[in-house]
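Okay, so here's the structure we're looking at.
The values are calculated or read from the model by the stated rules, or taken from the named source; none is laboratory data. None of these values were measured; they are calculated from a predicted model. Cβ: placed from backbone, ideal geometry, glycine included. Neighbour counts: every protein chain shown.
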Amino acid sequence: MALQGHIRIVLFSALCAMLVSAKRANGQLPVESHAKVELMAEENTMPAGKSLWIGILFHLDEGWHIYWQNAGDSGEPPKVQWELPPGFAVGTIRWPQPLRLGSGSIVDYGYQGEVLLMAPMDGPTRSRVISIPSICAVVKYIVCREICVPGKAQLTLSFPQASETSQRRALFGRARAQLPKSVPASWRTSAESDKDHFILFVRTNSQVHSAAFLPVKPGEVENSAAQGFVSTGRGFRLTLQKSTQLTKSISVLRGLVVLGPGRAFEVAVPVVAR
């Protein structure tokens, strides 16, 4: 059985090598993709008893963007097809706080400049430090400005050299700082629903001067509609216009409450009818 497992890993490594050769022969990405994509690990080995964090790093041309897990009114988020050796598994992508993009009747959620989409990877054993065999991924995405261009990248996981370990850790650290946080234990949230709106109440026990709500699920909130913000002294409320695509009531409103850069909080609020 151990020999069979070794043979599977060798064959898988050969497959990764073939993908890399094809990528080099054909070019990693077409020139017009407006994005450079890399697959990287935070560390050289998988720490004992812990996941190894890996990430897909997008370098985007100025003015171009990719999409959040809820793309908004157009586009779609990146999709990843992992090619993993036996015993390895990759968890769900952790999406950093997105930007609200666009104006008028079309509003999207996404990323500009540089963004790292991280995910935890586990191996066949977590009781000791292990070396990582070749890991491959096929990443499909859409990058947009005035027009949208589909992109596809066939990637092999890269590990930091000794001289760049601190830089790689800093890159992942900056990405973690942009991940939405859990709602503070002192907050109290509730939501009501009428014919055309959701009303989100957030008690923070402090004064808040501005806030916005970003829905996780498409088709629930009208992305381009103004959000009515009212400070209540010890918190705030937001009036959110329901999406014209919403055909049935929802029991939980899920999304991000955004108070500013690096200040996004994940909420899942039960909705009651007014």
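Residues satisfying the criterion are present in the stretch 127-141 (criterion: within 15 Å of the chain's Cα centre (by Cα) and buried (at least 17 other Cβ atoms within 10 Å of the Cβ)).
Only a single item in (1) in contact with a helix residue (DSSP H, G or I) (Cβ under 8 Å, 6 or more places away or on another chain); (2) at pLDDT 95 or above is not met by Gly110, and it is number (1). Gly173 meets the conditions (1) in contact (Cβ under 8 Å) with a residue 24 or more places away in the chain; (2) within 22 Å of Pro78 (Cα to Cα); (3) small (Gly, Ala, Ser) in every case but one. The failed one is (1).
Entry remark, the stretch 39-69: residues being in contact with a strand residue (DSSP E or B) (Cβ under 7 Å, 6 or more places away or on another chain), under 28 Å from Gly123 (Cβ atoms) and either of a type outside the set (Phe, Trp, Tyr) or surrounded by fewer than 20 Cβ atoms within 10 Å (Cβ to Cβ) (or both) number 13 in total. Inspect the stretch 78-85 for any residue being in contact with a Pro (Cβ under 7 Å, 6 or more places away or on another chain), modelled with pLDDT under 95 and outside any strand (DSSP E or B) and give the result as yes or no. Yes, there is a match, as at least one residue in the stretch 78-85 is in contact with a Pro (Cβ under 7 Å, 6 or more places away or on another chain), modelled with pLDDT under 95 and outside any strand (DSSP E or B). Glu146 falls short of the stated requirement of being under 30 Å from Val269 (Cα atoms) and of a type in the set (D, E, K, R). Just one of the numbered conditions (1) without any contact (Cβ under 8 Å) to a residue 40 or more places away in the chain; (2) over 19 Å from Gly102 (Cα atoms) is not true of Gln227: (2). Taken together, the residues in the stretch 100-124 that are loosely packed, with under 15 Cβ neighbours inside 10 Å and either touching an Asp or Glu at 6+ places or on another chain (Cβ under 9 Å) or among the polar types (S, T, N, Q) (or both) amount to 4.
Between Ser163, Ser127, Ser158, the distinction of being at pLDDT below 95 and more than 25 Å from Ala177 (Cβ to Cβ) belongs to Ser127 only.
Tallying residues that are within 16 Å of Arg263 (Cα to Cα) and of a type in the set (Gly, Ala, Ser) within the stretch 187-214 yields 4. The single condition from (1) closer than 23 Å to Glu62 by Cα; (2) surrounded by fewer than 17 Cβ atoms within 10 Å (Cβ to Cβ); (3) of a type outside the set (A, V, I, L, M); (4) touching a residue at least 24 places away in the same chain (Cβ under 8 Å) that Gln178 fails is (2).
Residues in the stretch 185-216 that are over 21 Å from the mean Cα position of the chain (by Cα) and either within 24 Å of Pro120 (Cβ to Cβ) or among the polar types (S, T, N, Q) (or both): Ser186, Thr189, Ser190, Ser193, Thr204, Asn205, Ser206, Gln207, Ser210.
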